[in-house]
Amino acid sequence: MNILLFEDKGVALLRPMTLTRPAFTIRCGSFCLAELVARLGRPTAYVVQPHLAQVAACDFPDDELDEAPLLLLNARLLPASWTLVELSRLIVAGTPGVLHHGPVLAAALVDSARAGEFLGLGYAELNRQLAALELPALGGELTLLTYPHDLIRHHAEIFAENLELRIGEGPYEQAADGVFLAAGATLGPQVVTDTSAGPIVLEEEAHVGAFAYLKGPLHLGRGARVNEHASIKNHVALGHTTKVGGEVSESIIEPYSNKQHLGFLGHSYLGSWVNLGAGTSNSNLKNTYGKIGMSYHGHERVATEMQFMGCVVGDYTKTAINTSIFTGKIIGVCSMLYGYITRNVPGFVNYARSFGQVSEVPPRIMAAIQGRAFARRGVEQRPCDVALIESVFELTRGERDALEDTLTDDPLAI
């Protein structure tokens, strides 16, 4: 059995996350889908949006597929441990058919005679082929991520079982009741751990500074750093090589991002290479205690039915000191934020609306910033990384054109 992970047109609703990364690399409940699929141990190929093709080819090169049945998986599948169980069941059964989440194709299994119809195709061609696919419905249930706020809702729901999967795979040393440390992971002096609501898992070389407070369930990725006196609690997942301080709750932070200083982050998602300046905080609850509605570019306002929802921040975005982000805001990729953020922010802008200044950030500037950030972490800046910045700048032009504020090319003067 071979596997083909494919992005469909629904990834557009998951922006800004899917502007700079394939949907199968978005973390939820401490896993991304690519990590779970790798556990199936099957040759895997990938089909992504055209602007992501170069980066995906570098980061996720296709395996050589043999002549075998093909399991096609939507890249927006929720990366839950039970998803892995369901996919394993489909592989063992080997029955050709389709499985939908609502009206949308979540998975399809075709026999070896038809597998070639779906291999070697680009994004548009594959999705056209899948739209015409007629096979019997398979029993079972799979969930797709539709909007960014779905990520935060499902994150808490699947976190505990996902950690059980991690702990079961090991190896970890149980340093205290419910506290599991991989090789090289360390807890500083006087760290307080509370595992009454779930375990705390630290991967290789993760470190927690002195006097920090950790309340599970938590997952700290490889090389993650929690600063002294930090408060990290309740369904927080830190990607590898992150640096975190202050107060963080119910949030996902992707690899290479920093929130080192005092300030609150709750019910939020930070992409990679994000930096939150000292004192940056977000709101995750309306003053009315009502349910939160989210506005997404090009779409009507969406009712989340969630009382708590913070912010979604795209890759490479930075905030200045004491930036305040209001409830339920979407922050685009490659932007610089200052002051009060009361509206959604598009990609590639210096956003200082509080001070009457909003200007466009050229892609050459962001590519230079990317290069400096990569060098600080010992990461090579490849031509495909620079090309992605340039492509995403064009893809987000409509967001900037829709701004009520007049964009200028002038540097900020604050």
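The values are calculated or read from the model by the stated rules, or taken from the named source; none is laboratory data. Note that the structure is predicted; figures quoted are calculated from it, not measured. Counting neighbours? That spans all protein chains shown, and the Cβs are built from the backbone with ideal geometry, glycine included.
A few points about this structure:
- Scanning the range 285-313 for residues that are over 19 Å from the mean Cα position of the chain (by Cα) and over 16 Å from Asp150 (Cβ atoms) yields Leu285, Lys286, Asn287, Thr288, Tyr289, Gly290, Gly298, Glu300.
- Residue pairs whose Cβ atoms lie under 6 Å apart, separated by 6 or more positions or on different chains, with the first residue in the range 155-171 and farther than 14 Å from Ile252 by Cβ and the second in a helix (DSSP H, G or I), are Glu161/Ser81; Leu165/Ser81.
- Of all the criteria given as (1) out of contact with any Asp or Glu (no Cβ under 9 Å at 6 or more places or on another chain); (2) not in a loop (DSSP other than H, G, I, E, B), the one not satisfied by Phe374 is (1).
- Residues that are surrounded by fewer than 19 Cβ atoms within 10 Å (Cβ to Cβ), among the charged types (D, E, K, R), closer than 20 Å to Met306 by Cβ and out of contact with any strand residue (DSSP E or B) (no Cβ under 8 Å at 6 or more places or on another chain) within the range 123-162 comprise just one, Glu157.
- Test result for Glu380, assigned by TED's automatic domain parsing to the domain that holds Arg153, of a type in the set (Asp, Glu) and modelled with pLDDT under 95: no
- Out of Gly239, Gly198, Gly188, one residue alone is at positive phi and of a type outside the set (S, T, N, Q). It is Gly198.
- Restricting attention to the range 373-392 and to residues that are in contact with a helix residue (DSSP H, G or I) (Cβ under 7 Å, 6 or more places away or on another chain) and among the hydrophobic types (A, V, I, L, M, F, W, C), the residue that is farthest from Val55 (Cα to Cα) turns out to be Val392.
- Whenever a residue of the range 240-253 is assigned by TED's automatic domain parsing to the domain that holds Pro79 and polar (S, T, N, Q), it has no partner that is at pLDDT 95 or above and surrounded by fewer than 21 Cβ atoms within 10 Å (Cβ to Cβ) lying with C-beta atoms less than 7 angstrom away and at least six residues away or across chains.
- The set of residues in the range 352-371 that are among the charged types (D, E, K, R) and either in a helix (DSSP H, G or I) or not assigned by TED's automatic domain parsing to the domain that holds Thr342 (or both) comprises Arg353, Arg364.
- Within the range 1-115, helices (runs of 4 or more DSSP H) holding 1 or more residues that are more than 19 Å from His154 (Cα to Cα), more than 19 Å from the chain's Cα centre (by Cα) and of a type outside the set (Val, Ile, Thr): 53-59, 81-93, 112-115
- Options Arg166, Arg222: the member that is modelled with pLDDT of 95 or more, within 22 Å of the chain's Cα centre (by Cα) and not in a loop (DSSP other than H, G, I, E, B): Arg166
- Residues considered: Ala210, Ala182, Ala206. Of these, the only one that is over 27 Å from Thr143 (Cβ atoms), aliphatic (A, V, I, L, M), out of contact with any strand residue (DSSP E or B) (no Cβ under 8 Å at 6 or more places or on another chain) and assigned by TED's automatic domain parsing to the domain that holds Gln381 is Ala210.
- Of residues in the range 299-313 being touching a strand residue (DSSP E or B) at 6+ places or on another chain (Cβ under 6 Å) and in a loop (DSSP other than H, G, I, E, B), the one nearest to Met366 (Cα to Cα): Gly310
- Looking across the range 360-402, the residues that are in contact with a Pro (Cβ under 8 Å, 6 or more places away or on another chain) and surrounded by fewer than 18 Cβ atoms within 10 Å (Cβ to Cβ) come down to Glu390, Ala402.
- Scanning the range 126-148 for residues that are modelled with pLDDT under 95, outside any loop (DSSP other than H, G, I, E, B) and over 30 Å from Arg301 (Cα atoms) yields Gln129, Ala137.
- Enumeration of residues in the range 180-209 that are touching a Phe, Trp or Tyr at 6+ places or on another chain (Cβ under 9 Å) and not in a loop (DSSP other than H, G, I, E, B): Phe180, Leu181, Val192, Thr193, Asp194, Ile200, Val201, Leu202
- Checked against the criterion of being within 16 Å of the chain's Cα centre (by Cα), at pLDDT 95 or above and either not assigned by TED's automatic domain parsing to the domain that holds Leu33 or not in a loop (DSSP other than H, G, I, E, B) (or both), the candidates Ala278, Ala237 yield just one match: Ala237.
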